[in-house]
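Here the structure comes first, spelled out in C-alpha cells, and everything after it is commentary.
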Amino acid sequence: MAIDLGTALTERLGCRYPIVQTAMGWVAEPRLVAATGNAGGFGFLAGATIEPARMEEAIVEVKRLSDRPFGVNFHMYQPNAEHIVELVLRHGVRAVSYSRSPGKQMITRLKDAGVVCMPTVGALKHAVKAVQMGADMVTVQGGEGGGHTGSVPTALLLGQVLDSVQVPVIAAGGFKDGRGLAAALAMGAAGIAMGTRFLMTRESPVPQATLQRYLQVREPDAIRVSRAIDGMPQRMIDNELLVHLEQAGAPRRLWLALKNGLAYRRHSGMGLGQMLATAFKLRSAGELSAAQTLMAANAPMIIQQAMVEGHPERGVLPSGQIAALIDDLPSCAELIQRIADDAQLRLAELARRAS
Ligand SMILES: Cc1cc2nc3c(=O)[nH]c(=O)nc-3n(C[C@H](O)[C@H](O)[C@H](O)COP(=O)(O)O)c2cc1C
C-alpha cells in the first residue's frame, strides 16, 4: 500500500516530504539548506549568526545550489532584522522562522507577500500567542531538543498544542528517523523538524573534531540543560568548558560576557549604541534579566569556537538528546530518503492492520 506523506506542511512549503531542517547558529549554512531542499526536505538558513554583510550572498548561494524553496530564520531583536525581511521579500524566500515574534506589522507584510510565517515555540502559551500574532504554522520544540529549550517533553507539548491551535503544528525535539516521523504524523502533526540530526550529516559545515564529540556521546543524560552560557536554559553536550563555566565565580563570568560582547559587536557590525539599545529592548520586553542581558552575547561567540573553529573543548556544543542515539554521518539525501521510506513502511503496516 502506497502511503502519501503529503501534509499541510509540504503543500505550504512546496517540499516533497514533511521534514524540516531547522535553523542552527553557524551550522545551517547555504550548503546544508540547499542539500536538504534538493533531497525533498525544507531547510532554514540561520540568519541570526550570518554576518549582515554576507546575508544576501548566503540567500543567493542557496538559490545557486538548489532550485527548491527554503526559509530564513531571524531574531526580531537583531539589528538587521528589517534588512533580512527586505531580502526575504526581494528573493522570494518561501518561509521565515523565529522564536520571538516580530511585530504584527512585519508579520502582515510577510504574509501579504505570501511568505509562510512559522515560529518555533517551547511552551503552550507561546504557541497560542504566536498564532494570535499571525503565525501560519507553529513548530513546537520539546525539552529534549537542542539549543535553547523548554522543559515539556515533545510528546506532551505536541498533544497540548494540537488541542489548542487551529494551524498546522510541526513536531521538533528528539527526531532522527522514520519511526519518529510516523509517530508524529499519527499524533496529528504536519511533519517533523530536526536540528541535531542535520548537524550530523555530510553537508554539515561543523569541523570533524567537533562532529566526533557528537558521535561519541552515548548517554542522553550527558546532553544536559544549563544556564551557564547566557542565563537561559540551553541543552548541550557536557564538556570541559561547561564544567568550567558552571564552577566559575561572578567576576570571571562577567569578564567572559564583556569579552564576547565585544567580539559579537565586531561580528555583527553593531555600534556600541546599537548594542546597548538592543540589550535595553530585550530588558524592557521582559525577555531578559540584567544578568542575562550581559550574558546574551556569550552564546553565539562561544558556540562559534566549536562549530566554526573546531575546538569542541573550548566551545559550547548545543545538542538535542537524540545525538546519543546517532552514530553515523549520512548525506542529507540518504537521510531524508531513509526517513521517508521507513515512515511509509510503518504507516502502511498500521493501515494494513486497520483494514
Ligand atoms: C547546534 C544547534 C544550534 C542551534 N541554533 C539555533 C538558533 O540559532 N536559532 C534557533 O531558533 N534554534 C536553534 N537551535 C534549535 C534548533 O533549531 C531546533 O529547534 C532543535 O535542534 C530541535 O531539536 P533536535 O536537536 O532534537 O532536533 C539550535 C540547535 C542546535 C543543535
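Remarks
- Summary of packing: across the peptides 227-235, 104-112, the per-residue average of other C-beta atoms within 10 Å ranks them, highest first, as 227-235, 104-112.
- C-alpha long axis of helix 178-187 to longest principal axis of the chain, angle in °: 80 degrees
- For the chain, the share of accessible area belonging to carbon and sulfur comes to 54 percent (1.4 Å probe, ligands and nucleic acids excluded).
- Extension reserve of the THR108-MET187 stretch, reckoned as 0.36 nm per residue once the Cα distance is removed: 25.4 nm
- The long axis of helix 55-65 is offset from the longest Cα principal axis of the chain by roughly 30 degrees.
- The length gained on full extension between GLN160 and MET1, counted as 0.36 nm times the residue separation minus their Cα-Cα distance, comes to 54.1 nm.
- Other-chain or far-sequence residues with amide H under 5 Å of ILE170's (modelled H): VAL138, THR139, VAL140, ALA190
- Added length on full extension, which subtracts the Cα-Cα distance from 0.36 nm per residue, ASP327 to ALA222: 36.3 nm
- Residues whose amide H comes within less than 5 Å of that of VAL116, counting only those at least five positions distant or on another chain, are ALA95, VAL96 (H built at 1.01 Å from N in the peptide plane).
- Mean Cβ count within 10 Å, highest first, over the residues of peptides 13-21, 57-65, 180-188: 13-21, 180-188, 57-65
- Classification of the chain by its C-alpha gyration tensor yields a prolate form. The axis ratio a/c (a ≥ b ≥ c) is 1.5 or more, and a/b outweighs b/c.
- Karplus 3J(HN,Hα) series, Hz, for segment 71-84 with 6.51 cos²θ - 1.76 cosθ + 1.60 (x for Gly, Pro): x, 10, 9, 8, 10, 4, 8, 6, x, 9, 4, 4, 5, 4
- Taken per residue, the accessible surface of the chain reaches 43 Å², heavy atoms only and a 1.4 Å probe.
- Placed amide H near VAL152: partners under 5 Å, 5+ positions off or other chain: GLY143
- Spacing of the two label points (7 Å from each Cα toward its C-beta) at GLU82 and ARG252, in nm: 4.2 nm
- For the chain, calculated [θ]222 nm from helices alone, where every DSSP H run of n ≥ 4 adds -39500 (n - 2.57): -14000 deg cm²/dmol
- Couplings for segment 89-94, taken from phi via the Karplus curve 6.51 cos²θ - 1.76 cosθ + 1.60 with θ = phi - 60°, read 5, 5, 9, x, 5, 6 Hz in order; Gly and Pro are left as x.
- Rounded tilt (10° steps) of 154-164 against the dominant C-alpha axis of the chain: 80 degrees
- Taking Lys and Arg as +1 and Asp and Glu as -1, the other residues whose beta-carbon sits under 14 Å from that of LEU215 total +2.
- Using the Cβ of GLU56 as centre and a radius below 13 Å, the other residues enclosed give a net charge of 0, where K and R count +1 and D and E count -1.
- Flagged links, alpha-carbon separation over 29 Å, of LYS125/LYS176; LYS63/LYS129; LYS104/LYS176; LYS63/LYS125: LYS63/LYS129; LYS104/LYS176; LYS63/LYS125
The values are calculated or read from the model by the stated rules, or taken from the named source; none is laboratory data. All values derive from a computational prediction rather than experimental measurement. Cβ: placed from backbone, ideal geometry, glycine included. Neighbour counts: every protein chain shown. Please note that ligands, DNA and RNA were not included when accessible areas were found on the heavy atoms of the full protein model with its side chains. Shrake-Rupley method; radii C 1.70, N 1.55, O 1.52, S 1.80 Å.
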